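Asker: Have a look at the structure that comes next, please.
The values are calculated or read from the model by the stated rules, or taken from the named source; none is laboratory data. All values reported here derive from a predicted model rather than from experimental measurement. Every residue, glycine among them, receives a Cβ derived from its backbone with ideal geometry; neighbour counts consider all protein chains shown.
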Amino acid sequence: MQPGDARNTRAMSNRGSHESLPWAGRPSRVYAFIGPDGAGKTTIARAIASRLAARGIRTRISWMRSPRIVTLFVIGVLRMSRIAKTIRMGDHDDVITDLSRHRFLLHLYAWSVTFDYFLGYVGKVTLPRWLLGRTILLDRFAWDALVDLGLASGVDEAILESPPGRILLDLARTYPAVLVTASQEELVRRKPILALDPRLGRRLRLYREFAKRYGLGIVDSGNTSEQVSVSQAAEYLRIPSE
């Protein structure tokens, strides 16, 4: 964790800022690990799952990328209109477009992403939690969807001003979340295919902007060991070490 992030986290703790958050004062059974690909979200989630399992707590790790059932149709329309292009980014496709001057298409795309995300949320979070009684560790969450949507729409933070953005934001703030990130150079070193992403710098900036604005914990895995990163994430999420 960078010194500035550490000071920010300690200051938040000293001010009792957790008490103003929706999960303060009560244990949560859903935790979210957000951040760019290659930052170490899955590694940290697995380590914390093992920590919980050692205490007899059954867990489930859910990978929360949107199923894109409706969104694929909209992307097809955008590609036919030559407004968007899709590039392969490892295990998923990334849409490169700018809809800031296409208001109708922007709303259409944003609503399709939001609809698909809630379909995935019901299947990967709501049902397992109700039916299996598991503690759910989310690998990605609505924060990631907001970042992806902001970039694909071409409006970045302004996506929060749209109705779909506000809906996703309300969902994102439901559960405690920690941002796992690293520098652009470190991410490309770990996952060279990220060098193909022309918006990687904007992506990292947007993650940090959301984390700063909404008081999310930040773990810089590029400057800490895996063990320290896991401990920092668990501490912010209030998951006891024993």
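Asker: Select, from I239, I136, I167, the only residue that is touching a helix residue (DSSP H, G or I) at 6+ places or on another chain (Cβ under 7 Å) and in a loop (DSSP other than H, G, I, E, B). Give the steps one after another, and end with the answer.
Answerer: Values: I136 fails: in a loop (DSSP other than H, G, I, E, B); I167 fails: in a loop (DSSP other than H, G, I, E, B).
Going through I239, I136, I167 in turn, just one is touching a helix residue (DSSP H, G or I) at 6+ places or on another chain (Cβ under 7 Å) and in a loop (DSSP other than H, G, I, E, B): I239.
Asker: While we're here: Name the single residue, out of those in the stretch 204-231 being among the polar types (S, T, N, Q) and more than 12 Å from F33 (Cβ to Cβ), that is surrounded by the most Cβ atoms within 10 Å (Cβ to Cβ).
Answerer: Step one: filter the stretch 204-231 for residues among the polar types (S, T, N, Q), giving 221, 223-225, 227, 229, 231.
Subset that is more than 12 Å from F33 (Cβ to Cβ): 223-225, 227, 231.
Working: N223: 15, T224: 17, S225: 9, Q227: 9, S231: 19.
Filtering first and then ranking leaves S231.
Asker: Taking strands (runs of 3 or more DSSP E) that fall entirely within the stretch 1-100, which contain at least 1 residues that are at pLDDT below 85 and within 24 Å of F210 (Cβ to Cβ)?
Answerer: Numbers: elements: 30-34, 59-63, 84-89, 92-97.
Of the strands (runs of 3 or more DSSP E) lying wholly inside the stretch 1-100, those with at least 1 residues that are at pLDDT below 85 and within 24 Å of F210 (Cβ to Cβ) span 84-89, 92-97.
Asker: Please go through the stretch 212-227 and give me each residue that is of a type in the set (A, V, I, L, M) and without any contact (Cβ under 8 Å) to a residue 60 or more places away in the chain, ordered by number. Full working, then the answer.
Answerer: So in the stretch 212-227, the residues of a type in the set (A, V, I, L, M) come out as 216, 218-219.
Answer for the stretch 212-227, where residues must be of a type in the set (A, V, I, L, M) and without any contact (Cβ under 8 Å) to a residue 60 or more places away in the chain: there is none.
Asker: Taking the options E185, E157, name whichever one is without any contact (Cβ under 8 Å) to a residue 12 or more places away in the chain and part of a helix (DSSP H, G or I).
Answerer: Working: E157 fails: without any contact (Cβ under 8 Å) to a residue 12 or more places away in the chain.
The unique qualifying residue is E185.
Asker: Tell me the residue from A145, A110 that is within 20 Å of the chain's Cα centre (by Cα), within 25 Å of G201 (Cα to Cα), surrounded by 12 or more Cβ atoms within 10 Å (Cβ to Cβ) and free of Cβ contacts under 8 Å to residues at least 60 places away in the same chain, please.
Answerer: Every option except A110 fails the conditions.
Asker: Here's something else I'd like to know. Within the stretch 170-203, track down each residue that is buried (at least 20 other Cβ atoms within 10 Å of the Cβ) and either of a type in the set (A, V, I, L, M) or over 12 Å from the mean Cα position of the chain (by Cα) (or both).
Answerer: A172, A177, V178, L179, V180, A182, L187, D197
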